[in-house]
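Notes to accompany the following structure.
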Amino acid sequence: MNRDELHKSRRIVVKVGSGVISHPSGGLRDEVIHSIAQDIAYCIQDSREVVLISSGAVAEGKAVLGFSRLKNGISIPQQQACAAVGQARLIWSYERCFDEFGQKVGQVLLTRDDLENRRRYLNARNTLFTLLSLNVLPIVNENDTVMVEEIKFGDNDNLSALVTLMVEADLLVVLSTVEGLYTCDPSTGDGEFIQEVDCVDQCLFEQCDMSGISALGRGGMRSKVEAIQKVVDSGIPAVIAKGDQEGILLRILEGEPIGTFFKPREVRLGGKKRWIAYTLQPVGKLVIDQGAAKALVESGKSLLPSGILEVVGTFEMGDAVSCVSEDGTEIARGLTNYTSEEVNRIKGLHSGKIKEVLGYTHSQEVIHRDNLVLMVH
Ligand code: GLU
């Protein structure tokens, strides 16, 4: 897929970073918000569906509450207070700008729990689809006021990738303060700009400058590329571009060589498998033998107890686990039918022995192939 096919994208997720819409000294950049709103409203009038992920609540709240001038960082409860104050103002700014173009907006605040629990995930997904069907632009942010560090998405780059997968978008556009990806820090003058990335792999992380961190938001270049990896691995293209340029979104959709374009992989995983592979965080590991690895990779088989060598971690039935080879390479991820304690008792055995050992069987497979996703390409 190339840039000249981007105009075909019908459903687009646009992520806007804090630095794009906030002044470094505090306060929202109304003219940038206005220009982004104009582009998005145009896209929607052009029969596209858009979901906007916007950061900027904490930065705005800090400015309002007088924290921006502080030299040292502020505490987590203070950041949450900033998010509460800033989120209201952020949405109000968007609402005012979109109103000028006759576009209705709705606020959606998500937590990681909402996406990891399948029922809540499907619920959030339904809400987004309902808003889209009502011609309302969902404006999504993390629900920072109730989040504690251990259960955060991390940053909105990650959240935007998960939302892209959740709504099965055709394109993710990450609007940032930089033009895109460089081979080394552009401020040194030596950095070469990368227009197109064929494959997001280890090599890319080593070759490119990932050191950039956001002055106002939470993410940086590494978190953007890591998030984009989930998206392109699921067969969806992505673009990182500088967000404060007029008409940026429309220019990207017209195929202009602007920003860094990340080509999608050819595969397109189904919704549930995507959720297993990228939204859930594996809670344990199953070390599997070569025969089992071959059966999963080459024949698309389920994981049986006989191929399991070792169980790492504690997990419950239905949890996501990683299947790794003896050298630690992750082969697959899936939802386990047995707890870690049960797998420890049946590992290495033929499925026919499960009942004898446990006294019952949930299924012949530890992970059924319908709930298993390969992580090696
Ligand atoms: N949710 C945060 C905010 O609205 C931003 C997180 C990020 O910068 O990625 O301020």
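The values are calculated or read from the model by the stated rules, or taken from the named source; none is laboratory data. Remember, predicted model here, so these are calculated numbers, not experimental data. With ideal geometry, Cβ positions are generated from the backbone for all residues, glycine too; neighbour counts draw on all protein chains shown.
For the list (1) surrounded by 15 or more Cβ atoms within 10 Å (Cβ to Cβ); (2) more than 15 Å from the ligand (Cβ to nearest atom), I need the number of the one condition that L159 fails.
Status for L159: all satisfied but (2).
Of the conditions (1) within 16 Å of the ligand (Cβ to nearest atom); (2) of a type in the set (V, I, T); (3) at pLDDT below 90, V225 satisfies every one except a single condition; which number is it?
V225 satisfies every listed condition except (3).
Looking at the range 128-142, which of the residues that are more than 16 Å from the ligand (Cβ to nearest atom) and of a type in the set (A, V, I, L, M) is surrounded by the fewest Cβ atoms within 10 Å (Cβ to Cβ)?
Of the residues in the range 128-142, the ones more than 16 Å from the ligand (Cβ to nearest atom) are 128-137.
Among the residues that remain, those that are also of a type in the set (A, V, I, L, M) are: 128, 131-132, 134, 136-137.
Values: L128: 21, L131: 19, L132: 18, L134: 9, V136: 16, L137: 22.
Going through the qualifying residues, I end up with L134.
Can V232 be described as more than 16 Å from the ligand (Cβ to nearest atom), at pLDDT 90 or above and over 23 Å from S68 (Cβ atoms)?
In short, yes.
If we only count helices (runs of 4 or more DSSP H) wholly inside the range 243-349, which ones have 3 or more residues that are surrounded by fewer than 20 Cβ atoms within 10 Å (Cβ to Cβ)?
Because the criterion is at least 3 residues that are surrounded by fewer than 20 Cβ atoms within 10 Å (Cβ to Cβ), the helices (runs of 4 or more DSSP H) in the range 243-349 that meet it are 271-274, 290-299, 340-346.
Kindly indicate the residue of the range 46-60 that is near the ligand (Cβ under 8 Å from one of its atoms) and of a type outside the set (A, V, I, L, M) and also surrounded by the most Cβ atoms within 10 Å (Cβ to Cβ) among those meeting that condition.
S55
Does at least one position in the range 21-28 carry a residue that is within 16 Å of the ligand (Cβ to nearest atom), out of contact with any helix residue (DSSP H, G or I) (no Cβ under 6 Å at 6 or more places or on another chain) and touching a residue at least 60 places away in the same chain (Cβ under 8 Å)? Don't jump to the end; show me each part of the working.
Here is the first cut: in the range 21-28, the residues within 16 Å of the ligand (Cβ to nearest atom) are 21-24, 26-28.
Within this subset, residues satisfying the condition of being out of contact with any helix residue (DSSP H, G or I) (no Cβ under 6 Å at 6 or more places or on another chain) are 23-24.
From the residues that got through so far, the ones that are touching a residue at least 60 places away in the same chain (Cβ under 8 Å) too are 24.
There is at least one residue in the range 21-28 that is within 16 Å of the ligand (Cβ to nearest atom), out of contact with any helix residue (DSSP H, G or I) (no Cβ under 6 Å at 6 or more places or on another chain) and touching a residue at least 60 places away in the same chain (Cβ under 8 Å).
Can you find a residue that is in a strand (DSSP E or B), assigned by TED's automatic domain parsing to the domain that holds Q107 and within 16 Å of the ligand (Cβ to nearest atom) anywhere in the range 69-87?
Initial filter on the range 69-87 (in a strand (DSSP E or B)): none.
No, that holds for no residue.
Can you name every residue in the range 269-300 that is closer than 18 Å to E316 by Cβ, more than 15 Å from the chain's Cα centre (by Cα) and among the β-branched types (V, I, T)?
Hit for the range 269-300 is V283, nothing else.
Yes/no matrix, rows are residues, columns are (1) among the acidic types (D, E); (2) in contact with a Phe, Trp or Tyr (Cβ under 7 Å, 6 or more places away or on another chain):
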site: N2; (1), (2): no, no
site: H23; (1), (2): no, no
site: I33; (1), (2): no, yes
site: R48; (1), (2): no, no
site: E60; (1), (2): yes, no
site: G73; (1), (2): no, no
